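Below is one structure; the comments refer to it alone.
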Amino acid sequence: MQTVLIVDDSASARMIVRRCLKMAGVDAPSVLEAEHGRAALDLLREHAVDLIVSDLNMPVMDGRTFIKFLRSSPRTFHIPVVVVSSLVNDGANDDLRQMGATLVLPKPLTPSGLAQAIQTVPELSP
Amino acid sequence: MSLPPALVDETVATIFESMFFAMAEPEEGEALPAGVSRLAATVKLLSPMQGALRVELGEGVPRELFDTLWAGEREGSDAADAELAAELVNTLAGQIVARAAPGAIVQIGLPLVAESIAAGEGTRRSYRLDSGGAVVIALA
């Protein structure tokens, strides 16, 4: 895995994701960060990204709209997306998976929770 | 609006432990009475229940939590404290509602660092951190 894109309006939340990815063995040499979906789409025009970790509740462009854009573009439809959000429960999990999320995890993210989850998805395993 | 106190207590404890390695124990009485300095952040609850949730952090608590979370990687500041409080209220509100309505799609607003629930409105629950810091969750 070369490049991970973390999308969250909170700098603290982005730092937690960075730390958890590293502790879970996803040690990408390049980590990009964006504060909302629109900024993330701008970055995706300039960078090849192997994994996206995105929040849902963000200003400008929220996570659900961001995933819809990703899945509708031939350049980005294949990129795995891990949703990390406080809004996650069983109802949201099913809905987000149908929209194209690869994994759905509740905040606060923990290294063990992320490590266990990514083992269930072959394309995400380190 | 009211939610089961046990659900709120369990969610608060889980989030403080996971994010900050801190124990948050429920406390009888008012941990942050009127006139005591605090940093407050509020978020609107939009669906499936409507209302607002505010977190109030006693003096020194935001910086203590920030320093634990960032472990020296970033310098603390008033803006950083506010950003942390906003993320905390977002996480608490989202997870409290998501756990209260497990089959529902949850929607909340964007966090606002301000006391937008007037004092005396809604339900207040007080917590004491193992460091001695005071935290209040207000639901309206």
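For residue B:34, the requirement of being away from chain A (no Cβ under 14 Å), under 12 Å from the mean Cα position of the chain (by Cα) and among the small types (Gly, Ala, Ser) is not met.
Counting the residues of the range A:30-49 that are surrounded by fewer than 20 Cβ atoms within 10 Å (Cβ to Cβ) and either part of a strand (DSSP E or B) or in contact (Cβ under 8 Å) with a residue 60 or more places away in the chain (or both) gives 4.
Inclusion of residue B:110 among residues that are modelled with pLDDT of 95 or more and in a loop (DSSP other than H, G, I, E, B) is warranted.
Say we look at the range B:67-79 and pick out the residues that are at the interface with chain A (Cβ under 8 Å from one of its Cβ atoms) and either touching an Asp or Glu at 6+ places or on another chain (Cβ under 6 Å) or over 16 Å from residue B:129 (Cβ atoms) (or both); which of these is surrounded by the most Cβ atoms within 10 Å (Cβ to Cβ)?
B:70
Assess whether residue B:103 counts as being more than 8 Å from chain A (Cβ to nearest Cβ), without any contact (Cβ under 8 Å) to a residue 24 or more places away in the chain and part of a loop (DSSP other than H, G, I, E, B). Taking the combined requirement at face value, the residue does not satisfy it. Of all the listed residues (A:52, A:79), the sole one being more than 25 Å from residue B:99 (Cα to Cα), part of a strand (DSSP E or B) and either of a type in the set (Gly, Ala, Ser) or in contact with a helix residue (DSSP H, G or I) (Cβ under 8 Å, 6 or more places away or on another chain) (or both) is A:52. For the range A:82-126, enumerate the residues that are in contact (Cβ under 8 Å) with a residue 60 or more places away in the chain, in a loop (DSSP other than H, G, I, E, B) and not charged (D, E, K, R). Those that are in contact (Cβ under 8 Å) with a residue 60 or more places away in the chain, in a loop (DSSP other than H, G, I, E, B) and not charged (D, E, K, R): A:108, A:109, A:110, A:126.
Taking first residues from the range B:45-70 that are at positive phi and partners that are surrounded by 20 or more Cβ atoms within 10 Å (Cβ to Cβ) and not in a loop (DSSP other than H, G, I, E, B), the Cβ contacts under 8 Å between residues at least 6 apart in sequence or on separate chains come to B:51/B:45; B:51/B:139.
The values are calculated or read from the model by the stated rules, or taken from the named source; none is laboratory data. Worth saying up front: this structure is predicted, and the values here are computed from it rather than measured. FYI the Cβ positions are ideal-geometry reconstructions off the backbone, even for glycines, and counts take in every protein chain you see.
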